[in-house]
Amino acid sequence: FWTKLGQQVSMNLGIPLPYQMELKKLQDGLSPSPLHEVLATIRAEFGAERSARISIDETAGPLGVASVAQVHQAMWLAPGETSPRKIVVKVQHRSAARRFKNDFWAAGVLARLIVLVDPEGFPDMKPILKTMREVTLNELDFKLEAANQQRASEAVRASKVNVVIPSVVPELVGTKAMAMEFIDGVRLSSEALEAELPGIDRSQLVAALVDHYGVQFAIDGLFHADPHPGNLLVERGSGRLVVLDWGMCITLPRHLTQAYAKLFYAVASTDLWLLTDALQEVGVTFKEGDVFEPSLFMGIFRFALRDSKPVEMAGQEIEKTMQLGDDLYWKGPKRYQKSPFDIMGGEMLYLGKALELLYMVSSDLGVSHPILQTILGRAFGRLAPWHASRRAASDASPQQFLPALPKSLPKARNSLEGEILTLLQNFYAEGKLLGAQLCVLDSSSRAGVLAEVSVGVHGWLKPEPVTNSTLFNLLDISKLGLALAVLRLVDAGRIKLNDRLPTHSTSCVSGSSSGDDGPTVEDVLGHRAGFWQLLPPDIAELGDMLDYEVALKAWQNAQGAELAGSQRYHSGSFGYLCASVCRHLAGRELQEVWDELAAALPTKDLHLTLPPEATDARDVALPAKAITSMGFDELSFMFSKLGGFLYDEAGSAPARAAREIWGREHLLDLSLFARTGDAARAKMPGLQAFGTARAVASLVAGAQRGRLLSPALTRELSQSRRPAGCDGGAGRELSEELGHVFKMECFQEFGLGAQILRPENWGGSGSGGGRPRQVPWGHLSRSGSGVVALPGPKPVSVALLVNMANEEDEHSMLWAVLRTVERHLQG
């Protein structure tokens, strides 16, 4: 057991080089058993007749010596054959069983002492020790190893992995000895390859190793639980990777391979809530309270599956990570001194060992490789059986996972629609788009559809095509609908823009402006109420977030982050402030005024919550994130952000707000709004609503034509409420501090709930000269969606709904669409 531990530690680049070199001797360089014991075991296991057909050179030492057994090259003359062939005989040390049992007894005592000393810092160790004991003791039965080796060989052939697994000699399999074909190979290490195979393509070896583990975890279910370089060779003749020593294996049932495939997909798509589901499916039980921090879990897995780098850079990363881990424990919140798990299955321990092997081998060979993307290729095939194509293990492009677009496409009604359709198809082919709906409406008195197209699929794992009737989660765009609903109350005389929310009751919004009164309705709609923090302190768990009345009360009890006046995006609070305006000033419920707004539209596809009839996932295209792996930029950002939380005690109000939400980021993560069950049915005003591009475009067109609001309020809607002399610096500061949770770069200037979208933001007409008399307005979404009113002689409303956030440039597709529409209008 302790030898196995030493073998694993020998791969860790975080320990000094002299220790690494010494511990590497444990991989296959231990002291051998005497040859007479080896021969005696062979006779006892194979019998006299078969043993006589085995010839071991008694003058040559073993090929390798490990903790359980040693291996010798031999010649084997099979019955009925006239010439012998080379084989390798693996023979167990006589003392192996006794030593392993004693070691496990000592390890069990040590584990119980650790938990006794720090009961909150460790999960229940019994499942982990049980798995370790079973896996390690199974290694003592070579009949099991032979069966594992045969199954692994069959899985390699079926999955077409570029790996060699030696064939077992079926006549020579016993409990303590076994034989297999001899493969002339070179140890998989930088030094050995440089000396003996200097021209070998190391990147292909790494790709094959990573791909092999993808098959083990996500496809076949039999995975190698003893990963260290001593079990890896490169075949001299073919240059292919050879994987040895199949004694320590774990066999996963089918439902667990499915769960691990889901885990890899969740990590690649940074889906916090899917990762939580997958961890529970593989046997992890979470503790309740503040230790439940999915963002931290995601960071750990993203780091473990990060792109590999040459050893010099990798060592620096590991050293910095270890230091950050120590600082989190000693200087961070007390929750980091507790284990977030009550129970963790032992398989997770071996998953960690395997991931460490992949990274360390790749780094040692000087190869940079996208480990997560390669494993995902196998996991994705498991989760999406319709994905029939198979790429090379070295191809890590996300586009490979997208189904091909239909060859026959609907005929465009005009040149504008045709150009936009081609534009969106190109974005899809480039992997920037999963699914999209677009609608362009003539907002003049003539009113009509200028373009309406749909492209792509519902999601990475949902190949159903997006149609013009597919519902999208509108996310932030829903704030525009809420603003219009509140302004209709102003038009109806139920409230006034200068009415103030009361602060004297805990059932009302409190404390954001000077005096005894709260912010005005105009403050709320103009994002000047001072409530720009992402979440109030009383929202600590998912249940709080999904319960409308609980969340509303939490915001009503919250103190504003600053006095009313500065314009900063109210990302989390806007909808709840509007709900308070409706309830406490107008005597109406938010749902009522929303439904009245939706009923005034020509299309009825605008919903505050997912409608009951949309029970089939095919009806909805929920938001997703791009498939990525952790590169240097993400890793550096993680280090700097966590370091800022730990070391920078002071700071601006936005910096303090970022610290306050630390550990609760998952409650606003985009992946929460991708859930089809409880989250989609929950009322979270301003954070989500559901609709089609036609419905959203109709909403803006109705306001432009004066059918939803009076002409006076329509003009007020798009008049900037940014304070005089302000250049947007307050908003940019907020975006810098909180952008890791909620990207706000594009949410900088607002009128009465409508976002001001000046042409210079997207390269539209007027961006190079003076400002146009009428400024475009609408609202964007953090997923890349948006709806825009383009004023002018030919006013139009443009709605683009997409279901995948593009991390590089969130709204690049919308900007391209707007430029295309403008060009056609001017032509």
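The values are calculated or read from the model by the stated rules, or taken from the named source; none is laboratory data. Only a predicted model underlies this, so the values are computations on that prediction, with no experimental measurement involved. We place every Cβ from the backbone using ideal geometry, glycine too, and count neighbours over all the protein chains shown. Just so you know, the surface numbers come from the protein's heavy atoms only, side chains and all, with ligands and any DNA or RNA stripped out. Shrake-Rupley method; radii C 1.70, N 1.55, O 1.52, S 1.80 Å.
Some observations on this one:
- Within segment 237-255, the set of residues being on the phi > 0 side of the Ramachandran plot and either buried (at least 20 other Cβ atoms within 10 Å of the Cβ) or of a type in the set (Val, Ile, Thr) (or both) comprises ASP245 only.
- Qualifying residue in segment 480-500 (condition: closer than 15 Å to ASN803 by Cα and open to solvent by 40 Å² or more (accessible area, probe 1.4 Å)): no
- The residues listed here are PHE742, PHE747; of these, the one that is modelled with pLDDT under 90, touching a Ser or Thr at 6+ places or on another chain (Cβ under 6 Å) and crowded, with 20+ Cβ neighbours inside 10 Å is PHE742.
- Total residues in segment 528-543, condition in a helix (DSSP H, G or I) and open to solvent by 40 Å² or more (accessible area, probe 1.4 Å): 1
- Just one of the listed residues (GLU736, GLU716) is under 27 Å from the mean Cα position of the chain (by Cα) and either touching a residue at least 60 places away in the same chain (Cβ under 8 Å) or not in a strand (DSSP E or B) (or both), namely GLU736.
- Residue within segment 195-211 that is open to solvent by 10 Å² or more (accessible area, probe 1.4 Å), among the β-branched types (Val, Ile, Thr) and under 30 Å from LEU461 (Cβ atoms) present: no
- Selected residue (criterion: surrounded by the fewest Cβ atoms within 10 Å (Cβ to Cβ)) from residues of segment 709-739 that are modelled with pLDDT of 90 or more and in contact with an Asp or Glu (Cβ under 8 Å, 6 or more places away or on another chain): SER710
- The criterion of at least 1 residues that are within 48 Å of the chain's Cα centre (by Cα) is met by the following strands (runs of 3 or more DSSP E) wholly inside segment 47-104: 69-76, 85-92.
- Of the strands (runs of 3 or more DSSP E) lying entirely inside segment 123-194, those carrying at least 2 residues that are open to solvent by 20 Å² or more (accessible area, probe 1.4 Å) are 168-173, 185-187.
- The lone criterion from (1) within 30 Å of LEU263 (Cβ to Cβ); (2) in contact with a helix residue (DSSP H, G or I) (Cβ under 8 Å, 6 or more places away or on another chain); (3) outside any loop (DSSP other than H, G, I, E, B) left unmet by VAL457 is number (2).
- Of all residues in segment 431-454, those satisfying the criterion of being farther than 12 Å from ASN803 by Cβ and assigned to a strand (DSSP E or B) are LEU438, CYS439, VAL440, LEU441, ASP442, GLY448, VAL449, LEU450, ALA451, GLU452, VAL453.
- So GLY214, is it open to solvent by less than 10 Å² (accessible area, probe 1.4 Å), modelled with pLDDT of 90 or more and part of a loop (DSSP other than H, G, I, E, B): no
- Considering the conditions (1) open to solvent by 40 Å² or more (accessible area, probe 1.4 Å); (2) assigned to a helix (DSSP H, G or I), THR676 is excluded by exactly one of them, (2).
- Count of segment 778-821 residues which are under 19 Å from LEU421 (Cβ atoms) and open to solvent by 30 Å² or more (accessible area, probe 1.4 Å): 1
- Count of segment 269-282 residues which are surrounded by 20 or more Cβ atoms within 10 Å (Cβ to Cβ) and in contact with a strand residue (DSSP E or B) (Cβ under 9 Å, 6 or more places away or on another chain): 5
- Only residues that are in a helix (DSSP H, G or I) and either open to solvent by 20 Å² or more (accessible area, probe 1.4 Å) or touching an Asp or Glu at 6+ places or on another chain (Cβ under 8 Å) (or both) were counted across segment 582-622, and they come to 12.
- Taking segment 403-430 as the range and being at pLDDT 80 or above and in a loop (DSSP other than H, G, I, E, B) as the test, the residues that pass are LYS411, ALA412, ARG413, ASN414, GLU430.
- Residue check, ALA554 free of Cβ contacts under 8 Å to residues at least 24 places away in the same chain and open to solvent by less than 10 Å² (accessible area, probe 1.4 Å): yes
- Of all the residues in segment 748-765, those that are in contact with a helix residue (DSSP H, G or I) (Cβ under 7 Å, 6 or more places away or on another chain) and either within 18 Å of SER783 (Cα to Cα) or not in a loop (DSSP other than H, G, I, E, B) (or both) number 3.
- Filter result for LYS411 (open to solvent by 20 Å² or more (accessible area, probe 1.4 Å) and touching a residue at least 24 places away in the same chain (Cβ under 8 Å)): no
- GLN258 assigned to a helix (DSSP H, G or I) and either over 24 Å from the mean Cα position of the chain (by Cα) or surrounded by 21 or more Cβ atoms within 10 Å (Cβ to Cβ) (or both): no
This table checks each residue for (1) surrounded by 19 or more Cβ atoms within 10 Å (Cβ to Cβ); (2) among the polar types (S, T, N, Q); (3) at pLDDT below 80; (4) on the phi > 0 side of the Ramachandran plot.
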position	(1), (2), (3), (4)
GLY631	no, no, yes, no
LYS641	no, no, yes, no
ALA680	yes, no, no, no
MET684	yes, no, no, no
GLN688	yes, yes, no, no
ARG694	yes, no, no, no
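- Every condition in (1) in a helix (DSSP H, G or I); (2) within 23 Å of SER785 (Cβ to Cβ) is met by PRO463 except one, and the failing one is (1).
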